[in-house]
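Visitor: Here it is: the structure, laid out below.
The values are calculated or read from the model by the stated rules, or taken from the named source; none is laboratory data. None of these values were measured; they are calculated from a predicted model. Cβ placement follows ideal geometry from the backbone for every residue including glycine, while neighbour counts extend to all protein chains displayed. Heads up: the accessible areas ignore ligands, DNA and RNA and are worked out on the full protein's heavy atoms, side chains in. Shrake-Rupley method; radii C 1.70, N 1.55, O 1.52, S 1.80 Å.
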Amino acid sequence: MASGLYSHPGIPLEDHSNRVLALARALLNEAAPAWWQDARRRSLLEMAVALHDFGKATMFFQEALQGERRKDAFTRHARLSALFFLHRATAWLGEEAEGHWLPLLFAYLAVLRHHTSLKNVADELHPPDEAEREVLEAQIQAIPADKTNAYLAALDLPEEIQAVLTFSPEAFQSWLGDEASTLFRTWRRRWRGWKRETQDAEGYWAFLTGFSALLDADKLEAGAKGYLPSRGDVPSDAVDCYKARVFGPPSVEGLNAMREQAYREVLAGLRSPDHHLYTITLPTGMGKTLTGMATALKLRDLVREKTGQAPRIIYALPFLSIIDQNADILEQVLAVALGLTEGEAPSASSPDPCDPEDRGKGLVENRLLIKHHHLADVQYRVQNKDADKIEEAVRELDYAASRLLTEGWHSEIVVTTFVQLFNTLLAWRNAAARRVNKLHHAILLLDEVQALPAVYWPLVRNLLTEAAERLGAYVILMTATQPYLLEDAHELVPNPHAYFSVLDRLDVHIHLERRTLEDFVADFVPERGKSYLFMVNSIAAAQELHSLLEDALDEDVAFLSTGVTPKERLERIRALKAGRYRFAVSTQLLEAGVDVDFDVIYRDLAPLDSLVQAAGRCNRNLRAGRRGQFHIVHWIDDKDCSYAHRIYDPVLLARTQTHLEGHTHLREPEFLDLLRDYFLDVWETGIPWDVADALWEAVCTLRFDGEKDKACVLKAKEAPGAYLSQFCLIEQQPYKWDVFVQVDERAVAVWNEAKAILRALRRDHDVWKARERFARIKPCFYQYVVSVALKPETAPHWDDDLRIYVVQQDVRDVYYDSVTGFKREQEAGGVFL
């Protein structure tokens, strides 16, 4: 008999609950760690999943669902649902409840927080106060008993649980008044003891995997109509197939021959899935993207042979520019391997996010490959079984399903950012916690791992090691500069030093004397036929140096910084690759992952690992008969202040200078040897261990978020009592603001479209439609957004509708230079920004 209660418009509460339970069971069957494989614990979690929306049975909620009541404290359902679960779960467990206090607590918290971000668990162990009791009692009285018992009887739970699954308002209120207080008091005592004894993250991963299963199942059922993509097959030889089709027979000489040798050696070194931690250490320019993906695919195949289950591959990189670039390459790899295209050389450009015709051009299903970051286009393509043409082989799901499946990492290969990966490993936000179940037995492929701040190295080491131990994950770290993150890792390159020794592409010249930019340019004499990159530490220095060089040289000088719109930056990088500029000035944008190549580089002082990454843009492709020249310089402003010390940790700079002192010239292999000593030095003396220890303690004791300022924990004074919400890879810069710059007609068009979406929202009040429409233009919109320092008295126009500053076309030249980007000084007022 139908209950007559509803979870969503037109959806019976029991139907929604059972579909969520079925999805959660499917997710747990695939991704539950050993902790949840205990029968009693698993039953408690499934009971919690089934009851997660019990609180929607109140007439308050039912009336709100029909539009007859505004949402308020009485329509909220999570706390009521969680307490009812406790009420019946303790009845089911009886005397065993004390022995199962921890899984009972974890299941309760999963229901309590299934619509919100996580809090410090120690702060959740309190019974309802007087004000909350009043609301709860009113809610309980507003629950129709007959309908609710019909809904409970329809839940797909074992008979032994069904036997206690009844609702009596009197019994529930009595339990809230007496037993609930005793239970929470017991939990507080138990939790204090558990925190003192715990030394690892077993409880952390156990809770998050259970929580993740509920979140993912609930959101898929409500927003994607319960669609759970079937697991897909990715050929383990996909990269081999692509290389043969696109590049032809392997080269027998030069850099390409070395790349092929490294590729074969790495794959040959992976013989079994017995290890869970791996490193691939190769010089820059050695084709780590294809080598790493081929390694991950082979490991995936070995794990499938051993366990019967193919792990997902989560490929994480530090920068958006290289994510888009590498995701496009991987899509080409899969398209060739699956026979969807004949194969062609990698494109020099990614799809244009502002060209509607470029949307949906991909031939590869998204259950095989997705790209996920905050600016990625929201689309999820699945096989179109009715297609007659290969270009129609996939079709796009609707926006709601596409967003949920993409953000939930429902794919065999996920290409994402370090930010998204570590938000998932440290999942205090609801949206990130959804993805934790995808970490189980996953292959985590981390590229350019040295980009992680040193202060977080111990935390990252612990997280990755525990993910391998507790979740069965596999970790592969790829970089030219391994920062000793995984001491017990298995290195897949038999002799990394041999590659660094043979690949001697450049000379390093060390000039640590402090010089102004004016003095440097006055003495600079370029050599005929050579290309030059000048890499500085701030936009201010870049703009000044660019001006000085353009005055001194009779050639155009390319300019790159975050003050230039992303659209123009991408165009300039393409121009550099095509050789259209001989000289370029850049901030750290080109430091890692961007495939550009210069004969000579001047790099302002920075931590040694940054210097080594910058050197990777010098004679990158080992051109015959040439040696690159990489100069480390120390530039200062006219007040004798070092640009480097404004940007970087002074401890890391001091250690860098210590390791460089005594050297004036190094060959590339010697430079990299220096880096190994530097990393060891940083590990031993350069890490604030109180910060590292505080963050790891927050993991082990489930201190997700608290009622305090969420500033990044980057300094020792911020460490005591740290929460996971204080971890951040991108330090907050409250003095910076987003500015939309109307640099061309396309920018004007996308701006007008955004304004039109807002007008339609005000007229129709359709929030979801507005979100969908903006999601479609978001990648293009942000091609014209820069983040810059502003002062209110000199800032451009603030748009109250879109809540962003805008430089309109008619005043563009006042605020924005067509070459050097957003102006640090407003010409009209002369005010320094």
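Visitor: So in region 489-509, with the set limited to residues that are hydrophobic (A, V, I, L, M, F, W, C) and in contact (Cβ under 8 Å) with a residue 60 or more places away in the chain, which one is most open to solvent (accessible area, probe 1.4 Å)?
Guide: Val502
Visitor: Out of Arg25, Arg19, Arg40, Arg69, report the one residue that is under 19 Å from Tyr108 (Cβ atoms) and either open to solvent by 10 Å² or more (accessible area, probe 1.4 Å) or part of a helix (DSSP H, G or I) (or both).
Guide: Arg40
Visitor: Return the total of residues in region 621-668 being in contact with a strand residue (DSSP E or B) (Cβ under 8 Å, 6 or more places away or on another chain) and not in a helix (DSSP H, G or I).
Guide: Qualifying residue count, region 621-668: 20.
Visitor: Considering only residues that are open to solvent by 40 Å² or more (accessible area, probe 1.4 Å), polar (S, T, N, Q) and outside any loop (DSSP other than H, G, I, E, B), which ones fall in region 267-321?
Guide: Of everything in region 267-321, those that are open to solvent by 40 Å² or more (accessible area, probe 1.4 Å), polar (S, T, N, Q) and outside any loop (DSSP other than H, G, I, E, B) turn out to be Thr307, Ser321.
Visitor: Filter region 573-588 down to residues that are buried (at least 18 other Cβ atoms within 10 Å of the Cβ) and not in a loop (DSSP other than H, G, I, E, B) and give me whichever is modelled with the lowest pLDDT.
Guide: The qualifying residue modelled with the lowest pLDDT is Gln588.
Visitor: Further question on the same structure: Taking the condition of being aliphatic (A, V, I, L, M), under 28 Å from the mean Cα position of the chain (by Cα) and surrounded by 19 or more Cβ atoms within 10 Å (Cβ to Cβ), how many residues in region 722-756 meet it?
Guide: 7
Visitor: A further question on this structure: Which one is farthest from Phe207 (Cα to Cα), of the residues in region 117-144 that are surrounded by fewer than 18 Cβ atoms within 10 Å (Cβ to Cβ) and of a type in the set (S, T, N, Q)?
Guide: Only one residue fits best here, namely Gln141.
Visitor: If you don't mind, there's one more thing I want to ask. Pick out the one residue from Leu512, Leu486, Leu477 that is in a loop (DSSP other than H, G, I, E, B) and either open to solvent by less than 60 Å² (accessible area, probe 1.4 Å) or touching a Pro at 6+ places or on another chain (Cβ under 6 Å) (or both).
Guide: Only one candidate passes the filter, namely Leu486.
Visitor: Looking at Lys438 and the list (1) at pLDDT 95 or above; (2) assigned to a strand (DSSP E or B), which single condition is not satisfied?
Guide: In the conditions (1) at pLDDT 95 or above; (2) assigned to a strand (DSSP E or B), Lys438 misses (2) alone.
Visitor: Is it true that some residue in region 205-217 is open to solvent by 30 Å² or more (accessible area, probe 1.4 Å) and under 32 Å from the mean Cα position of the chain (by Cα)?
Guide: Looking for residues that are open to solvent by 30 Å² or more (accessible area, probe 1.4 Å) and under 32 Å from the mean Cα position of the chain (by Cα), one finds none in region 205-217, hence no.
Visitor: Go through (1) buried (at least 18 other Cβ atoms within 10 Å of the Cβ); (2) under 30 Å from Arg429 (Cα atoms) one by one and return the number of the condition Trp175 breaks.
Guide: All conditions are met except number (2).
Visitor: Here's another thing I want to ask about it. Give region 762-786 a look and list any residue that's open to solvent by 20 Å² or more (accessible area, probe 1.4 Å) and outside any helix (DSSP H, G or I), or say none.
Guide: His765, Asp766
Visitor: Hey, can you tell me all the residues within region 504-539 that are out of contact with any strand residue (DSSP E or B) (no Cβ under 7 Å at 6 or more places or on another chain) and either outside the structural domain of Phe559 (by the TED database) or among the β-branched types (Val, Ile, Thr) (or both)?
Guide: Val521, Val525, Ile539
Visitor: Additional query: Which residues, taken from region 146-160, are among the aliphatic types (A, V, I, L, M) and in a loop (DSSP other than H, G, I, E, B)?
Guide: If the condition is that a residue be among the aliphatic types (A, V, I, L, M) and in a loop (DSSP other than H, G, I, E, B), then Ala154, Leu155, Leu157 are the ones that fit.
Visitor: Still on this model: With over 23 Å from Gln37 (Cβ atoms), assigned to a helix (DSSP H, G or I) and in contact (Cβ under 8 Å) with a residue 40 or more places away in the chain as the only criterion, which of Phe211, Phe184, Phe167 stands out?
Guide: Only one candidate qualifies: Phe184.
Visitor: Is one or more of the residues making up region 669-680 open to solvent by 10 Å² or more (accessible area, probe 1.4 Å) and part of a loop (DSSP other than H, G, I, E, B)?
Guide: no
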